[in-house]
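Report on one structure; see the data block that follows.
Just so you know, all these numbers are worked out from the coordinates, no wet-lab data involved. From a predicted model like this one, the values you see are computed outputs, not experimental measurements. Cβ atoms come from the backbone with ideal geometry, glycine included; neighbour counts cover every protein chain shown.
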Amino acid sequence: MLDLKAIVADPKKFKKSLSDRGADPTEIDRVLAVNEERRKVMTSAETLKAKQNKMNVEIAALKKAKQDATTLLNEMKELSQEVKRLETEAGFVDSKVQGLLEVLPNVCHISTPVGGSAADNKEVRSWGEKPKISFKALEHWELGEKLKILDFERGGKVTGARFTFVMGYAAKIERALINFMLDMHTREHGYEEMIPPFMVNRDTMRGTGQLPKFEEDLFHLDKVDYFLIPTAEVPVTNIFKQEVLDESQLPIAFAAYSPCFRAEAGSYGKDTKGLIRQHQFNKVEIVRFAHPSSSYDQHELLTGHAEKILQKLGLHYRVMCLSTGDIGFSSAKTYDLEVWLPGQNAYREISSCSNFEDFQARRANIRFKPMGGGKPEFVHTLNGSGLAVGRTLVAILENFQQADGSVSIPKVLQPYCGFDKIPSK
């Protein structure tokens, strides 16, 4: 959530931010107008409260002097009713202000490229080379069906579109990838492993920015008003909600495996084939809580940790800095890692690494107490996929497919899998 005081102090900055994102800058005027209404109501209430206090003194003096205070008591009764009315109105208007703030996106960092769409994203660097494939590369769903390791038809029969049975060798690879990624992040990168809840309440979804704006993209459980998580970012980031940490604890780093559930309400017609855009998929998430002064160093560090997984697997990728027209609602700056898929002859996102600054922490009220004293400050939160497991399986199938129809397994993964290739059928 944005800082209301900062908006009042410099509305032009926030209007420009909305304009850069392709949003309506006049939303800031709406916030300012409602906030001014709130200020006037609260001022009126405070003025009447001061009058109440003065009348209480006068009534006490009359009673002490054994004089008639009936007139003042009647006035006091009317005044009390008006104060209650104003306090109720102030609460309503305050909720209105908060509601407007909750749907405003974060301000992008100065280094985020200004642009209207993904076409304006900037390549920062790349690693490795595209594999040399001397035959016609198959797409992963063709390989999966040919090798009998992905069953899209039966997944659709059992549940519906965008659900898949991952079977045999593919299931073992997914399990191996989860263990490999968690081992890398915990043993080499210093993250603490956790398995978070896979369902969360409404307040938790609000804390990381999924609610109220993106409810249609979530799977909701009506009986308990819980949501299936779209990513482990949601429960892991909220682990410290409504808490004050010690500055000495920062940075804090967690790595979490979870299944993820996304309705993909706005993506019909896109990536309908294969595993790229499923309603259910596995992911290893890395999350960091950082001091505001070092969060951009932490952002580079976290991104490097996700990159290391791709490097160990020998997968060519590029790092893209997302433009203001493509960046997520809550993020101030995001790097997308895009892996090369020879079957599709295209780069596809496999990880998104973001610095949210204090946007999520302000919503979830996550603060730290400075060691030198002073008021608690909001932490900065960061996260990234480390990596999306299903998409990593896709990359392995397409990049390491062989002319005889088999698929080689990256050496680093072989001890986890227990085999060095998927044999051809």
Exercise for the section: Specify which labelled value, from (i) 172; (ii) 126; (iii) 145, agrees with volume of the Cα convex hull per residue in Å³ derived from the coordinates of the model shown. Expected result: (i)
Handout entry: Local electrostatic count at GLU307 - Lys and Arg +1, Asp and Glu -1, tallied over other residues with Cβ under 11 Å
Key = +3
Exercise for the section: Can you pull the one-decimal nm distance between simple spin-label points at LYS273 and ALA61, each 7 Å off the Cα toward Cβ? Expected result: 8.9
Practice task
Step through the residues of the stretch 219-231 one at a time and calculate ³J(HN,Hα) from phi using the Karplus curve (6.51 cos²θ - 1.76 cosθ + 1.60, θ = phi - 60°), rounding each to whole Hz and writing x for Gly and Pro.
Solution key: 9, 10, 9, 5, 5, 10, 6, 9, 10, 6, 6, x, 5
Handout entry: Neighbour net charge for LEU182 - beta-carbon separation under 12 angstrom, K R +1, D E -1
Key = -2
Completion exercise
The distance between the Cα centres of the stretch 21-69 and the stretch 325-380, in whole Å, is 40
Handout entry: Long-range HN-HN contacts of SER331 with modeled amide H, under 5 Å
Key = ASN106
Problem - Relative contact order (%) - criterion: Cα under 8 Å, at least six apart; region: the stretch 26-113 - result: 46
Completion exercise
With no solvent term and unit scatterers on the alpha-carbon positions of the stretch 335-425, Debye gives log₁₀ I(q)/I(0) at q = 0.14, 0.24, 0.25, 0.26 Å⁻¹ of -0.67, -1.18, -1.22, -1.25
Exercise for the section: Using θ = phi - 60° and the Karplus relation 6.51 cos²θ - 1.76 cosθ + 1.60, list the HN-Hα couplings for the stretch 184-198 in order, rounded to whole Hz, with x at every Gly or Pro. Expected result: 4, 6, 8, 7, 10, 10, x, 8, 8, 6, 8, 10, x, x, 9
Problem - Candidate lysines for bridging to LYS411, where Cα separation is under 30 Å - those fewer than 8 sequence places away on the same chain excluded - result: LYS130, LYS132, LYS136, LYS146, LYS148, LYS172, LYS273, LYS283, LYS308, LYS312, LYS421, LYS425
Exercise for the section: With label points built 7 Å along Cα→Cβ from the Cα atoms of ARG202 and SER80, find their separation and express it in nm. Expected result: 3.4
Fill in the blank from the handout: Excluding residues fewer than 8 positions from LYS54 in its own chain, the lysines with Cα under 20 Å of it are LYS63, LYS64, LYS66, LYS77, LYS84
Completion exercise
With 0.36 nm assigned to each residue of separation and the Cα-Cα distance removed, ALA33 to PHE163 gains 42.1 nm
